[in-house]
Amino acid sequence: MAKEILLKNIDKVHTTKMGVDRIKKNLDLDNIDVVEYCKNKVLDENCSIYKQGKNWYCEIDNIIITINSYSYTIITAHKLRR
């Protein structure tokens, strides 16, 4: 299952400088390590993880984190609009 692959490779998860800025803006985060923040969300047992195309989508606490399944790059994270 895709979820186990992502969890097994959680140490590879990273993002770019632009990704950090985008995630901070989208989630209203301040002085925080966004990669660690996202990893902790993904590792939470309540996180719903599914793979669609080339990306993993991780939904928890009314946010969704998008991670590229090949490079383990966090592409973006944003609040879910319900």
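Just so you know, all these numbers are worked out from the coordinates, no wet-lab data involved. Nothing here was measured: the structure is a model prediction, and the numbers come from that model. Glycine gets a Cβ as well: all are built from the backbone with ideal geometry, and neighbour counts include every protein chain shown.
When the Cα atoms of the stretch 2-79 are aligned to their principal axes, the ranges along those axes come out at 30, 24, 21 Å in descending order. Here's the picture: charge each Lys and Arg Cβ at +1 and each Asp and Glu Cβ at -1 in the chain, and of 80, 32, 7 the one pushed furthest to the positive end of that dipole is 80. Straightening the chain between residue 14 and residue 40 buys 8.1 nm, computed as 0.36 nm per residue apart minus the Cα-Cα spacing.
For residue 76, the residues whose amide H sits under 5 Å from its own are 66, ignoring neighbours fewer than 5 places away on the same chain, with H placed 1.01 Å from N. For the chain, the set of GluC sites (Glu not before Pro) satisfying both a DSSP loop assignment and a count of at most 12 other C-beta atoms within 10 Å is given as 45. Among the trypsin sites (Lys or Arg not before Pro) in the stretch 13-56, those placed in a DSSP loop whose Cβ has at most 11 other Cβ atoms within 10 Å are 54. Taking amide hydrogens as placed 1.01 Å from N in the peptide plane, the amide H of residue 55 sits under 5 Å from those of 69, each at least 5 positions away in sequence or on another chain.
The amide H of residue 63, built 1.01 Å from its N in the peptide plane, has 80 as neighbours under 5 Å, considering only residues 5 or more places off or on other chains. Out of the chymotrypsin sites (Phe, Trp or Tyr not before Pro) in the stretch 40-82, which ones are loop residues according to DSSP with at most 10 other C-beta atoms within 10 Å? Answer in residue order: 70. Phi angles of the stretch 43-49 translate, via the Karplus equation with coefficients 6.51, -1.76, 1.60 and θ = phi - 60°, into HN-Hα couplings of 6, 4, 5, 8, 6, 8, 10 Hz per residue; Gly and Pro are given as x. Most mobile of 63, 49, 23 per a Gaussian network model of the chain (Cα springs, under 10 Å)? Answer for the Gaussian network model of the chain: 63. Separation of the alpha carbons by more than 19 angstrom is noted, of 39/79; 24/51; 17/39; 12/51, for 24/51. Phi angles of the stretch 61-74 translate, via the Karplus equation with coefficients 6.51, -1.76, 1.60 and θ = phi - 60°, into HN-Hα couplings of 6, 6, 10, 10, 10, 9, 10, 5, 7, 9, 9, 6, 8, 6 Hz per residue; Gly and Pro are given as x.
Any idea what angle helix 17-27 forms with the longest principal axis of the chain, computed on alpha-carbon atoms, 0 to 90 degrees, nearest 10? Helix 17-27 sits roughly 80 degrees off the main axis of the chain.
Projected label points at residue 33 and residue 80, each 7 Å from Cα along the beta carbon direction, are separated by 2.7 nanometres. Between residue 71 and residue 3, the simple spin-label model (points 7 angstrom out along Cα→Cβ) gives 2.7 nm.
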